[in-house]
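What follows draws every value from the coordinates through simple rules; no lab data is involved. In this text, all values refer to a predicted model and were calculated from it rather than measured experimentally. With ideal geometry, Cβ positions are generated from the backbone for all residues, glycine too; neighbour counts draw on all protein chains shown.
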Amino acid sequence: MNRRLSATHGVVCRLPTGDRSYFGWPTVARLDDGTLFVASSGLRNSHVCPWGKTVLQVSHDDGASWSAPRVIHDSPLDDRDAGIVALGGDRLLVSWFSTDNRYLLADPRLRARYGDEEIRSWLPTLDALTDADVRDHLGAWVMVSEDRGLTWGDPIRMGLTSPHGPIRLRNGELLYLGKPFGDLSELHDAMICAYHSRDDGRTWQPRGRVPLLPGTVAGSYHEAHVVELPDGKLLGAIRLENSRGPQGDVVAAGYIHFSTLLTESDDGGMSWTMPRSLGYGAPPHLLRHSSGVLVLTYGNRGPQPGQRAGLSWDEGRTWEWDWVIRDDGPDPDLGYPSTVELGDGSLFTVYYQRAAVGEPCSLLWSRWQLPAHSPI
């Protein structure tokens, strides 16, 4: 059963026509003074293409209006999945990963999806790539700004990726739950694990790995996020889906394709519990509201595609799943919502979705209130 939240909706960035007008996989962060930042992979042609850039936009009025998209990182590769986290004061950290799309040209599914004309438009860019370009830019990265995103330090290759990046713990240190990324094979087949940083992301140390459910393979686990509870416990959420190989069918193993799993750590991420299923929809973003409610926002790509939320009033032990933020997506190319709490206690969720049929994907927002708790 799903329930509808009372929400208003708006636009972070919408370029309804023209090349390089697709935006996706955003993350929103809020400074202590209320300034909002959205990082995304933008100025692309499509869900897959060679031209993704890490883009930043800013709002000074609780998301009512936004600055124009500004490129803050552009490698020769496809820069994807931008995360952003406030580090305190004027400091921000942005994360992303960069991938070499030349290998996709041999995939017949790509031509079926985009057509020969679109694929041909990629060739000059992909043909210009060198092995040195790939060596220097492939992988997962972070970079830090000390001045509210105006300037950025050098990119730091840190070897772990997940769409919304790391979180800042109460002690000021960083915890990142994601997948190791050295090459594309490793990104697919590696296990979800935690990394930790004591110096604002400049150096990272690996911690523990999340165990696999019986009958599944690591290639079915992706795009994790984590939240810290008041007692120091970590709750991690993970996207689970069908994967290649003889054990890649999670449905055959008794689980839900394109669903969210929850795992816990009581020792700072050194060890993690066996995951348990929360329900259909992914990938997850976790937030603990000032009221104590846990908010997990995720995308729904099934019937009535759009953005949804799971809510927990007991620190993640039980959940009310499938609260509808909006369900008007024209097609399933949408999701990756992330959420912050505004000064008045309302929730502000940013995601990607087509604003109208036939347009490229835009960055959109929804502002909503927590519902009254009514246990089922």
For the chain, what does the helix formula give at 222 nm: sum of -39500 (n - 2.57) over DSSP H segments with n ≥ 4, over the residue count, nearest 500 deg cm²/dmol?
-2500 deg cm²/dmol
Let me check the size of segment 83-172 from its C-alpha atoms; what are the radius of gyration and Dmax in Å?
17.3, 52
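How would you classify segment 222-376 from its alpha-carbon gyration tensor, with a ≥ b ≥ c the square roots of the eigenvalues: rounded for a/c under 1.5, else prolate if a/b is greater than b/c, otherwise oblate? Can you show the working numbers first?
Numbers: a/c = 1.83, a/b = 1.06, b/c = 1.72.
It comes out oblate by the Cα gyration axes.
How would Trp66, Trp365, Trp319 line up from fewest to most surrounding beta-carbon atoms within 10 angstrom? Intermediate results must be reported in sequence, preceding the final value.
Numbers: Trp66 21, Trp365 25, Trp319 18.
Arranged by neighbour count, lowest to highest, Trp66, Trp365, Trp319 become Trp319, Trp66, Trp365.
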Put a dot 7 Å past each Cα toward the Cβ at Glu118 and Asp267; how far apart are the dots in nm?
4.7 nm
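Can you tell me which of 307-317, 151-161, 49-59 comes out highest on packing, and rank the rest after it, using the mean Cβ neighbours within 10 Å?
Details: 307-317: 20.5, 151-161: 17.2, 49-59: 23.3.
Top to bottom by mean Cβ count within 10 Å: 49-59, 307-317, 151-161.
Applying 1/(1 + (r/R0)^6) with R0 = 25 Å to the Cβ-Cβ distance of His9 and Leu150, what FRET efficiency is obtained, to the nearest 0.05?
E(calc), rounded to 0.05, equals 0.25.
How do 11-18, 98-105, 23-30, 255-262 rank on mean C-beta neighbours within 10 Å, highest first?
The packing order, highest mean first, is 23-30, 255-262, 98-105, 11-18.
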Whole-number Å³ per residue for the convex hull built on Cα positions in the chain:
135 Å³
